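First comes the structure, then the notes that go with it.
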Amino acid sequence: MRLKFPILALTLEIITIILFSVFVVYDDGEKHDGHGDHEHVSTVNHVQHPSPYALFQDVHVMIFIGFGFLMTFLKRYGFSSVGLNLLLAAFALQWGLLMQGLWHLDADGKIRVDVFKMINADFSTATVLISFGAVLGKTSPVQLLIMTILEITIFGINEHLVANVLGANDVGASMIIHAFGAYFGLAVARVLYRPALRDHENNGSVYHSDLFAMIGTVFLWMFWPSFNSAIANPGADQLMAVTNTYFSLAACVLSAYAISSLVEHKGKLDMVHIQNATLAGGVAVGTCADMNIGPFGAMLIGFVAGIISTLGFKFLSPILASHLGIQDTCGVHNLHGMPGILGGIAGIVAVAMGKKNGSAAMQACALASSLGFALVGGAITGLIMKLPFWGQPPDQNCFDDSIYWEVPEEEEAEESLAHGEHSTNKAEA
Amino acid sequence: MRLKFPILALTLEIITIILFSVFVVYDDGEKHDGHGDHEHVSTVNHVQHPSPYALFQDVHVMIFIGFGFLMTFLKRYGFSSVGLNLLLAAFALQWGLLMQGLWHLDADGKIRVDVFKMINADFSTATVLISFGAVLGKTSPVQLLIMTILEITIFGINEHLVANVLGANDVGASMIIHAFGAYFGLAVARVLYRPALRDHENNGSVYHSDLFAMIGTVFLWMFWPSFNSAIANPGADQLMAVTNTYFSLAACVLSAYAISSLVEHKGKLDMVHIQNATLAGGVAVGTCADMNIGPFGAMLIGFVAGIISTLGFKFLSPILASHLGIQDTCGVHNLHGMPGILGGIAGIVAVAMGKKNGSAAMQACALASSLGFALVGGAITGLIMKLPFWGQPPDQNCFDDSIYWEVPEEEEAEESLAHGEHSTNKAEA
Amino acid sequence: MRLKFPILALTLEIITIILFSVFVVYDDGEKHDGHGDHEHVSTVNHVQHPSPYALFQDVHVMIFIGFGFLMTFLKRYGFSSVGLNLLLAAFALQWGLLMQGLWHLDADGKIRVDVFKMINADFSTATVLISFGAVLGKTSPVQLLIMTILEITIFGINEHLVANVLGANDVGASMIIHAFGAYFGLAVARVLYRPALRDHENNGSVYHSDLFAMIGTVFLWMFWPSFNSAIANPGADQLMAVTNTYFSLAACVLSAYAISSLVEHKGKLDMVHIQNATLAGGVAVGTCADMNIGPFGAMLIGFVAGIISTLGFKFLSPILASHLGIQDTCGVHNLHGMPGILGGIAGIVAVAMGKKNGSAAMQACALASSLGFALVGGAITGLIMKLPFWGQPPDQNCFDDSIYWEVPEEEEAEESLAHGEHSTNKAEA
């Protein structure tokens, strides 16, 4: 960590700045007139039309607060969760803008930045943060920056293939972000498997860390309609994407709570389920979000996603860890993996039923492509991350901020004890 | 809890999905052209015109982050506060959309969901969350789901009566949401009164739980102008609602702080007052928000509301608890009850003074109707909730997450002590 | 505190309400037609056009959540940080609206409140909150209210001079808010210097207080593009301000993390740097935000700002405290002071290079004016605040909520210990 991290971070940023100086310019609103359709629609249904910038900011909150705080549930890894989330996302959005933009250069070889490009850059960032959840607590900042570069690059290829070559629908990105990010991260986690991390004492929460995580959960839950509608066609399609996501998430909450209570000891609720499975409805309705499936259809998808996700946390995750060597710290398989596949399948069915123009076969190819790129790309990335000189934390330092952060530790504990004793003394006096 | 809660939650959600499949469709933007006026106004004053979707998201944040975290002030009830808030709100918004929509079915018997319907669904949710504050810590999830169904249904009736039959003004819903929700909850709390809960050891805060609660307070405070203006007529009226609420809240902060310091020991500030009474200005200016009362008038209302609310916490709440058997956990009487009535009265006066078209008599009827439905509806709901098979928590388990949640308790405390000792040892070594 | 604070707060609010009754009216959208240009631009580039109200709400979140929680890093000063932030901001926005409005009275002697006036009121508030950071933990609420009145008044003069007399560019307010607020606060801190506060035991963080502070950091980081673009000309200029700020901040994160790791023991990251220096890019790009410096230029500014800010925390702040008697609790010199000057200089260079219409000399005068008013104004304000009857906290009570707040202290500590012992017993049993 001593020098590798600062050198890598500074080098990456300098290279990025140079690439930006070559490729990236402002959108001047003239040459880049591809959004003419938007103008037209916006006059038809102006009142209901969300502003792209407002949608961007909602997505931004999901990326930085949502993902960042969702991962603070670990008792001693909060600095890293929200701090490395900020680091990775800040780099990923720059890199993502380049990697997506290179597939769509303007005639003069430039990438013109507008709000939609910024939304897409945030989207590419989401894949990295999902994968980060799978390897949370077990990797160094250097390893994570390497994962960011590779994952965003591979994401860019798959996204281009799915959206432009296959022409598949995936407005809320169940396949190209959620399933891709989850299985990419799981492949990395499998390659980095370490038996000694099983039942690690720091791999758990305390009361207040679970509350911090709920900040992340609730912001993700609230703004998911913005995520799934941000790049939808303005007007009826976009409103449909908002509506479907809103109802899918609402139904998902009920089923996640019910199943959590059903499978837990004495009918209690489990914070891990509530923090995560309540969001599965947003993932699973992603591909179908702008399809005419009816509010009722969206609710069914969310309802099923909440059940699958909660059952996955309870029954599948332990099996993956113990039998397949897949240690999935945040359970991204349950929140993004299975619900992402469910979303992809729902999209195939919905397109086959004519709920949206498209080809069910192309939808299936898009799902297969996303899974294939994720698993192969993740495995290769994992192998590179496994090279011995990236400073991977030793087993006993995993899930612990103090290896990478100045933590107010001894002082805090002593102070807290001293404060306790002091107060007791005062009470006695 | 073992089976009752999951069965009830799953059943309610399945029934809701079936009702949605019968009644709810997307707004296609064509048949439902009642918002033509909005189009017109938006061209007149486009720049200042907030987007309905942005207002919806602000309200959404108030409902899920604002109410959810405001109630996390209890030292051992944070999971339930933010978690049950999410559960109840997710169900309430579905049920609210149906209960409000059934009064306004389109010609083909359908409810067309648009952003305004979603805002109204969130509004109906607010009533339940206010009542939840009165009974916080003393009720089971099953009891709360039952309260949600009944309260939303009764709210729908009163809202229809006030808005459509009486034609009263209540743009920021001082009467139909705040006063209604508060007195409904207080009636429930009265019926569920348990003397043994007085001075319950868990009915208090710790340092960090008070900070979590401030997240709720500040988001409520910031976005209240959106709440009070969300369904105002776009243009001057809506801007007036924003402006009045903004200034009322600002003035309210000063008076709440001043009175808190004035009535507390040694001039200290009390977190309970700051968390709640600073918001009373938003409640009290609700009915008048889109009336031409002048920024100065709005500030006067907020100033008075901050005083009344703080005094209520200090002097009235203890009396209600000890003499009237009304245990109001969050003090909703002080934040929503009295300021809601103040708002209703201000509305009567303002309409009488011609600050808005309308009838002062109808305004008074609207206030009386809201209070009447709340008290009678709350009492009946309380009696139903009191039936012995809903799993009400025993006295000693009140205000404690561990009866309904898997709490990282023993582990946490031991870990924290062990960590402390460990550090001390390290310091000694 | 006993009576001074409530009397001052009530008096200020009553005076403000009276001034509002004389001067402040709603914007009726007719007389006040200065925003006609906006209308025009908005039709050209409607889709990309952020709504002023959405920008206002983003800025509002920065002021109340961002600044408020950023300062909760202190272990025992969280109530004051977020609570006094709310108090000061609520008063400052009212006073700021008056102080700015008095320079621009309409023909009938009125101030017409619209969303832009509310944004500017929030802006003037930011200066006070920056200065608050410099004196955090060492001043009484009464002292802070006095500082608010004086600082806002002086800010109004300097803002009028810079914007209207000099005609300088400062869209993101690097000079008139950030540098001004920082050097004003530092001048106050210098006058209030108390040697006994060096290495005060309460002037530090605990684990969870650092996490609360990250809520502030991340919201500031995310919404800074809205801050820097809120009063830009709609259309291409505004989009440029968004884009430049977005990229400057992203680059700044990488350099702040790299330098933090480089200068700390064993390459660890320091939370103080991450909480603050990651934001320096937003400050430094402020003046240039709507200038045609290229995304690449914005990134360079952010990159340099992250380095300067981190180095300032590590090397300069200790020198200021030990040699110059400037105790800067939050390090505002590193986050707002030096990056603000950097932003002012970047603006001079950019205007000289023709990146924006204007005069480099006027830019330089604007920077000098902002620094001059800040230092002189701050020194005078500090002298007034030093008068012995404002209830300044004694040395041993600094950085401690319990002097001004009812804190759940003894109970909490005992409860926490008792809870720990109780659990241990349970585990033993």
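Taken together, the values in this text are just the output of simple stated rules run on the coordinates, not laboratory data. These numbers come from a predicted model, not from an experiment. In this analysis, Cβ positions are derived from the backbone assuming ideal geometry, glycine residues included, and neighbour counts consider all displayed protein chains.
Which of the three applies to segment C:227-381, rounded, prolate or oblate, going by the alpha-carbon gyration tensor with a ≥ b ≥ c and a/c under 1.5 meaning rounded?
Judged from the Cα gyration tensor, segment C:227-381 comes out oblate (a/c at least 1.5, b/c at or above a/b).
Between B:Q396 and B:V22, what length comes free when the chain is fully extended (0.36 nm per residue of separation minus the Cα-Cα distance, one decimal in nm)?
Between B:Q396 and B:V22, full extension yields an extra 130.2 nm.
Which value in nm describes the separation of the simple spin-label points at B:Y193 and B:F315, placed 7 Å from the Cα toward the beta carbon?
Each label point lies 7 Å from its Cα, and together they span 2.2 nm.
Can you give the percent of C-alpha pairs in segment B:53-172 whose distance is more than 16 Å?
The share of Cα pairs beyond 16 Å in segment B:53-172 comes to 61 percent.
Check every DSSP H run in chain A and write down those whose alpha carbon atoms cover 15 angstrom or more along the long axis and whose mean Kyte-Doolittle hydropathy is -0.5 or greater.
A:4-23, A:78-101, A:115-135, A:141-160, A:180-191, A:207-229, A:236-263, A:294-311, A:338-352, A:360-385
Mind telling me which of C:T310, C:T11, C:T245 comes out most flexible in a GNM of chain C, alpha-carbon contacts under 10 Å?
Fluctuation is largest for C:T11.
So which of A:K356/B:K117; C:K138/C:K386; C:K75/C:K266 end up more than 19 Å apart, counting from Cα to Cα?
Violating the 19 Å Cα-Cα cut-off are A:K356/B:K117; C:K75/C:K266.
Please enumerate, by chain and number, the lysines with C-alpha under 21 Å from the C-alpha of A:K355, excluding those fewer than 8 residues away in the same chain.
B:K31, B:K110
Using a ≥ b ≥ c from the Cα gyration tensor of segment C:158-239 (square roots of the eigenvalues), is it rounded, prolate or oblate, where a/c under 1.5 gives rounded and otherwise the larger of a/b and b/c decides, a/b for prolate?
Oblate.
Could you calculate, for chain B, the ratio of the Cα radius of gyration to the Kirkwood radius, expressed as Rg to Rh?
0.99
Let me have the 222 nm mean residue ellipticity of chain B computed from DSSP H runs of 4+ only, each contributing -39500 (n - 2.57), with the sum over all residues rounded to the nearest 500.
Value at 222 nm, helices only, nearest 500: -20500 deg cm²/dmol.
Along the charge dipole of chain A, Cβ charges K/R +1 and D/E -1, which of A:P318, A:G96, A:V24 sits furthest on the positive end?
Projecting each Cα onto the dipole axis, the largest value belongs to A:P318.
Using the 10 angstrom Cβ neighbour count as an exposure proxy, how do B:R194, A:R112 rank, fewest first?
Result, fewest neighbours first: B:R194, A:R112.
Calculate, axis by axis, the spread of Cα positions in segment B:158-201 along the three principal axes, and write the results as whole Å, longest axis first.
In descending order, the Cα extents are 46, 18, 8 Å.
Within segment C:299-332, list the residues whose amide N lies under 19 Å from a label point set 7 Å along Cα→Cβ of C:A379.
C:320-321, C:323-328
Which whole number gives the average count of other chain Cβ atoms within 10 Å of the Cβ atoms across peptide C:295-303?
The mean count of partner-chain Cβ atoms within 10 Å per residue comes to 5.
How large are Rg and Dmax for segment C:295-418 when only the alpha carbon atoms are used, in Å?
21.0, 68
May I ask which residue of C:A168, C:A230, C:Y207 lies farthest towards the positive end of the charge dipole of segment C:151-231, with charges of +1 (Lys, Arg) and -1 (Asp, Glu) on Cβ and the Cα centre as origin?
Checking the options against the dipole of segment C:151-231, the answer is C:A168.
Return B:H323, B:H208 ranked ascending by Cβ neighbour count within 10 Å, so the fewest neighbours appear first.
B:H323, B:H208
Over all directions, average the projected area of the Cα convex hull of segment A:56-115 and note it in nm².
4.5 nm²
Specify whether the C-alpha gyration tensor of segment A:270-349 places it in the rounded, prolate or oblate class, a ≥ b ≥ c being the square roots of the eigenvalues: rounded for a/c under 1.5, otherwise prolate if a/b is larger than b/c and oblate if not.
Because a/c hits 1.5 or more and a/b exceeds b/c, segment A:270-349 counts as prolate.
In nanometres, what is the gap between the two model label sites at C:A352 and C:N233, each 7 Å from Cα along Cα-to-Cβ?
Roughly 2.4 nm, to one decimal.
What is the magnitude of the charge dipole of segment C:257-372 about its Cα centre, with +1 placed on the Cβ of each Lys and Arg, -1 on the Cβ of each Asp and Glu, and no other charges, expressed in debye to the nearest 20?
Value, rounded to 20: 160 debye.
Can you sort B:H336, B:H273, A:H265 from fewest to most other Cβ atoms within 10 Å of each residue's own Cβ?
If I rank by nearby Cβ atoms, fewest first, I get A:H265, B:H273, B:H336.
Take C:H265 and C:I14, extend 7 Å from each Cα along the Cα→Cβ direction, and tell me the distance between the two endpoints in nm.
5.5 nm
Where does the Debye-calculated log10 I(q)/I(0) of the protein assembly as shown sit at q = 0.04, 0.05 Å⁻¹, using only Cα point scatterers of equal weight, no solvent?
-0.19, -0.30
Only Lys, Arg, Asp and Glu count, each charged at its Cβ (+1, +1, -1, -1), so figure out the dipole size of segment A:63-188 about its Cα centre, rounded to 20 debye.
Result for segment A:63-188 is approximately 480 debye, rounded to the nearest 20.
Can you check what the Kirkwood hydrodynamic radius comes to for segment A:312-355, Cα pairs only, in Å to one decimal?
After inverting the mean inverse Cα-Cα distance, the result is 11.6 Å.
Dipole size in debye (nearest 20) for chain C around its Cα centre, Lys and Arg Cβ +1, Asp and Glu Cβ -1?
1240 debye
Give me the three principal axis extents of segment C:197-288 from the C-alpha atoms, as integers in angstrom, largest value leading.
The Cα atoms of segment C:197-288 stretch 50, 26, 23 Å along the principal axes, largest first.
Could you quote the convex hull projected area for segment A:100-241, Cα atoms only and averaged over all directions, in nm²?
Answer in nm², one decimal: 11.0.
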